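Bear in mind that the values in this text are calculations on the coordinates, not laboratory data. All of these numbers come straight from a predicted model, not from anything done at the bench. Ideal geometry is used to build each Cβ from the backbone, glycine not excepted, and the neighbour counts take in all protein chains shown.
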C-alpha cells in the first residue's frame, strides 16, 4: 500500500509518494499548478503500477499559506478519495520547513499573511509549542523575541521590520514528508478544511469603523 503527502500553500506544489519506506517527491511549479495535482498523482500510480485503491493514506497541507492553493488541493483530494476507504490526515505547511532542518532549540517560521502581517509558528526542535497565529509586523519582536527564524518568507519580515533574530535558510528534503505523515492525525472527510487565521478585510474595516463610532 502507498501513502501520499501533498502541499499547495507555497508558490510550488509538493507531491510526495511514499511506498515501502521510500519517498518519491515531485515539484509542480508555474501557473495553475493546482490543476496539475491529480495528473501528477496519477503519474505516480502509473510508475508504480498502482491505482487510488492501493492508497492507504493521504496527508494534506491545510496552511498557513495560499488560501486559494489550499482550497484547490482540498477539492482535488476530496474528489480523488470519494467513495474510497482512505485515511485523510492534515498538517501545517510550516511542518515541511521544520522537518527539513536539524535543530534542537526553539525555531519560529514566519509566512506572509499580508504585506504587514505574518503567520507565526513556533517549534521546539520538530515539536509544535505554539499553534499558528497571525501577528502584525510591528508586534513580531514582542512575540518571537530572539528565537531563530527559518524559511524564505521569514527573511521578508527580517528586512521589513529590522528583526535581529538569527536566520537559517532551508532546503526542503523529501524525507521530511514521511516524517510529517507519521506525525499527522487522521480526520473525517467533512472536517477537511483550510486553516483560517485572519478575518476578511471587509470584516476588519466594519469592526474598526464600529469601534470608532463608539468613541
- So for segment 101-168: antiparallel DSSP bridges make up what percent, rounded to the nearest 5? 75 percent
- Task: Evaluate E = 1/(1 + (r/R0)^6) for residue 138 and residue 106, where r is the Cβ-Cβ distance and R0 equals 30 Å; express this FRET efficiency to the nearest 0.05.
- Result: 0.85
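Normalised by the residues of segment 101-168, what does the relative contact order come to in percent, with Cα pairs under 8 Å and at least six apart? Could you put the intermediate results ahead of the total?
Details: 114 pairs, mean separation 20.7, N = 68.
After rounding, I find 30 percent.
Divide by every residue of the chain the summed helix terms, -39500 (n - 2.57) for each DSSP H run of at least 4, and state the resulting mean residue ellipticity at 222 nm, rounded to the nearest 500 deg cm²/dmol.
Working: 7 runs with 69 residues, N = 215.
My calculation for the chain gives -9500 deg cm²/dmol from helical runs alone.
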- Sorted from fewest to most neighbouring beta carbons within 10 Å, what does the list 61, 54, 191 look like? 191, 54, 61
- Shape call, segment 101-168: gyration tensor on alpha carbons, a/c limit 1.5: prolate
- Over the chain, what is the percentage of antiparallel beta bridges among all DSSP beta bridges, to the nearest 5? 65 percent
- Query: What relative contact order, as a whole-number percentage, does segment 20-163 give when Cα pairs under 8 Å and 6 or more residues apart are counted?
  - Reply: 17 percent
- Query: Across the chain, how large is the tail of the calculated P(r) beyond 27 Å, expressed as a percent of all Cα pairs?
  - Reply: 35 percent
- GNM result for the chain, Cα springs below 10 Å: residue of 70, 98, 86 fluctuating most strongly: 86
- Query: Anyone know which of 33, 102, 130 comes out most mobile in the 10 Å Cα GNM of the chain?
  - Reply: 102
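Please arrange 19, 85 by counting, for each residue, the other beta carbons lying within 10 Å of its beta carbon, fewest first.
Details: 19 17, 85 8.
Ascending number of Cβ neighbours within 10 Å: 85, 19.
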- Message: Connecting C-alpha atoms closer than 10 Å in a GNM of the chain, tell me which of 66, 35, 154 has the biggest fluctuation.
- Response: 35
